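The values are calculated or read from the model by the stated rules, or taken from the named source; none is laboratory data. From a predicted model like this one, the values you see are computed outputs, not experimental measurements. We place every Cβ from the backbone using ideal geometry, glycine too, and count neighbours over all the protein chains shown. To get the accessible areas, we keep the full protein, side chains included, count just its heavy atoms, and leave off ligands, DNA and RNA. Shrake-Rupley method; radii C 1.70, N 1.55, O 1.52, S 1.80 Å.
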Amino acid sequence: MAKLQLLAITTLDGFLFDRTVSSPLWDNPDKYGLTKIRDHATRTLGSDVSFISLTQWKKETKGIYLIEAAPDTISVIGSMFRYWLMDEIILFVVPYMQGNGIRLFTEIPGPSSWEMTGNKCFRSGICRLAYKRIE
């Protein structure tokens, strides 16, 4: 069975990190594991993903289906949580207070439990946290 994985980069105050702000994360994605996460995905999903196809893929295939949190995918991500499709979250937290922007979690249908499967904090202050949903 395939897994649906969310890759998100947020600020300390909970907004999607603005890609126009200078950061070592953008300058050296290999160092932070971004390239490896992206390369490990069987398929990368966008805002045009079909939920019928996604449900079928999850049942019939193996691998990781990756969706990255971005302004154009945030509503799709909300729907994925609403229909309990998300299996894993890889969350990068950048030590930056943005003050405004797009919130990552806006459409959560209710409580769910997640188990931490990994974490790494870098000298830059950026932390990578990995979680899987507890069924």
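A few remarks follow.
- Computed from the C-beta positions of N100 and T20 and an R0 of 22 Å, the FRET efficiency is 0.95 to the nearest 0.05.
- Degrees separating the helix 51-60 axis from the principal Cα axis of the chain, which is the longest one: 80 degrees
- Computed magnitude of the charge dipole of the stretch 47-115 (debye, nearest 20; Cβ of K, R +1, Cβ of D, E -1): 120 debye
- Accessible area of the chain divided out per residue, in Å², using a probe of 1.4 angstrom: 57 Å²
- Surface share of carbon and sulfur [accessible, 1.4 angstrom probe, percent] for the chain: 52 percent
- Overall Cα dimensions of the stretch 83-135 - principal axes, largest extent first, Å: 34, 27, 14
- Distance between the stretch 64-135 and the stretch 12-38 - C-alpha centres, whole angstrom: 13 Å
- Close Lys-Lys pairs in the chain, where close means Cα under 15 Å and separation is 8 or more or interchain: 6
- Ordering W57, S22, L12 by Cα displacement along the dipole of the chain toward the positive end leaves W57 in first place; charges were set at the Cβ atoms of Lys, Arg (+1) and Asp, Glu (-1).
- Kirkwood Rh and Cα Rg combined as Rg over Rh, evaluated for the chain: 0.95
- Between W114 and T61, the contour length at 0.36 nm per residue exceeds the Cα-Cα span by 16.7 nm.
- Using only side-chain charges placed at the Cβ, +1 for Lys and Arg and -1 for Asp and Glu, the dipole size of the chain relative to its Cα centre rounds to 340 debye.
- Summing +1 for each Lys or Arg and -1 for each Asp or Glu among the other residues whose beta-carbon sits under 12 angstrom from that of I126 gives +3.
- Environment charge of L16, counting only residues whose C-beta is closer than 13 Å and scoring Lys/Arg +1, Asp/Glu -1: -2
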